[in-house]
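Here's the structure, in structure tokens; my notes come after.
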Amino acid sequence: MIRRALDLGISYFESARAYSGSEAYYGEALGDDRQRIFLTSKSHDRTAIGALSHLETTLKNLRTDWLDLWQLHDLRSEADLAQIFSPGGAIEAFERAKKEGKVRFLGITGHQEPQILLQALELYPFDTVLLPVNPAEPAYLSFLDSVLPEARRRGLGVIGMKVLCRGLGLQVPDYGTPEPWIRYALAHDVSTIVIGCDNPQQVQQNVEAAAKGALGAEEMAKMEAAVAPYARQLMYYK
Ligand SMILES: NC(=O)c1ccc[n+]([C@@H]2O[C@H](COP(=O)([O-])OP(=O)(O)OC[C@H]3O[C@@H](n4cnc5c(N)ncnc54)[C@H](OP(=O)(O)O)[C@@H]3O)[C@@H](O)[C@H]2O)c1
């Protein structure tokens with residue numbers, strides 16, 4: 001899948017210390033192509049010592065000595081923020097890694113509580129945010145009308161995830177192909193979207209769908225209405 005994505009012109013590649021073998025697959029597949037892509041990973045450890053140890057393992061697995069973006073993984077609670085920003089907290093590791101040139105940009109991710117990401121943006125000048133972008137979002141605790149516009153107002157890069165609600169979206173009647181979901185996400189003020197794939201054919205199909213560009217406003221409203229009855233199930237991640 002990684003080679004197919006590279007051949008199809010994909011330049012954003014994402015992993016995380018928490019994603020079992022994912023980093024090592026990149027280390028094996030990228031080779032010299034690492035130089036020409038934007039490669040990112042994440043740490044879910046809230047302490048500086050733990051995060052630095054994650055970064056060491058991440059760089060070894062990816063077979064590179066730098067990351068384009070390092071993200072604080074899955075911010076969910078006030079307790080997460082308190083630990084990250086307290087003495088000995090993970091933010092010290094993130095700042096040190098940037099100063100030492102091991103990472104170029106720093107970001108945050110989350111899909112449970114928009115308020116927590118908004119607070120994080122207040123606490124530190126992050127470069128990027130990874131958040132859910134799909135037609136179920138407007139129904140409840142939406143990231144689309146809170147974190148996304150605030151991140152843009154502050155000049156951050158925005159990465160959309162949960163574009164297919166981990167595949168569940170394809171069970172919604174009349175929306176059983178990835179194309180409308182991908183085009184819905186691309187209609188938002190995002191820098192890029194990251195989609196999980198299970199085989200090279202899905203990579204190809206998603207690239208072809210994305211090439212069709214953003215969905216129109218009327219189609220977006222129609223899709224939100226069609227998805228609304230299933231919104232709670234589709235947002236299993238909240
Ligand atoms: N907190 C965080 O930072 C966080 C949390 C979650 C995810 N992520 C990132 O986001 C990525 C995507 O995960 P996600 O949860 O957002 O999932 P997603 O992209 O919404 O959905 C991925 C799933 O959709 C299905 N799919 C994809 N392309 C398809 C196609 N062409 N045809 C049919 N089915 C297709 C596959 O599931 P089936 O084939 O099984 O149906 C695939 O596993 C992850 O790999 C990860 O990098 C980050």
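Figures for the structure shown
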quantity	calculated
Of residues in the range 16-39 being touching a Phe, Trp or Tyr at 6+ places or on another chain (Cβ under 6 Å) and open to solvent by less than 30 Å² (accessible area, probe 1.4 Å), the one nearest to Trp70 (Cα to Cα)	Leu39
Every residue from the range 191-205 that is within 10 Å of the ligand (Cβ to nearest atom) and either in contact with a helix residue (DSSP H, G or I) (Cβ under 6 Å, 6 or more places away or on another chain) or not assigned by TED's automatic domain parsing to the domain that holds Thr128 (or both)	Ile193, Ile195, Cys197, Val203
First in the range 81-101 and part of a loop (DSSP other than H, G, I, E, B), second anywhere and among the aliphatic types (A, V, I, L, M) and crowded, with 18+ Cβ neighbours inside 10 Å, Cβ under 8 Å, 6 or more apart	Phe85/Ile91; Gly88/Ala48
Cβ pairs under 6 Å, 6+ apart, first in the range 22-48 and in the same structural domain as Lys60 (by TED's automatic domain parsing), second in a helix (DSSP H, G or I) and among the hydroxyl-bearing types (Ser, Thr, Tyr)	Glu23/Thr58; Ser41/Thr58
Selection status of Met220, surrounded by 14 or more Cβ atoms within 10 Å (Cβ to Cβ), within 28 Å of Gly9 (Cβ to Cβ) and more than 15 Å from the ligand (Cβ to nearest atom)	yes
Among the candidates Asp65, Asp80, residue that is modelled with pLDDT of 95 or more, open to solvent by 40 Å² or more (accessible area, probe 1.4 Å) and either assigned by TED's automatic domain parsing to the domain that holds Leu141 or touching a Leu at 6+ places or on another chain (Cβ under 9 Å) (or both)	Asp65
Members of the range 169-180 found to be surrounded by 16 or more Cβ atoms within 10 Å (Cβ to Cβ), under 18 Å from Arg232 (Cα atoms) and near the ligand (Cβ under 8 Å from one of its atoms), listed by number	Gly169
Scope the range 129-143; condition part of a loop (DSSP other than H, G, I, E, B) and either under 22 Å from Glu219 (Cβ atoms) or of a type in the set (S, T, N, Q) (or both); matching residues	Val133, Asn134, Pro135, Ala136, Tyr140, Ser142, Phe143
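The values are calculated or read from the model by the stated rules, or taken from the named source; none is laboratory data. Keep in mind the model is a prediction, meaning the values are calculated, not measured. Here Cβ is always computed from backbone atoms with ideal geometry, including for glycine, and neighbour counts include all displayed protein chains. Side chains are part of the model used for accessible areas, which takes the heavy atoms of the whole protein and leaves out ligands, DNA and RNA. Shrake-Rupley method; radii C 1.70, N 1.55, O 1.52, S 1.80 Å.
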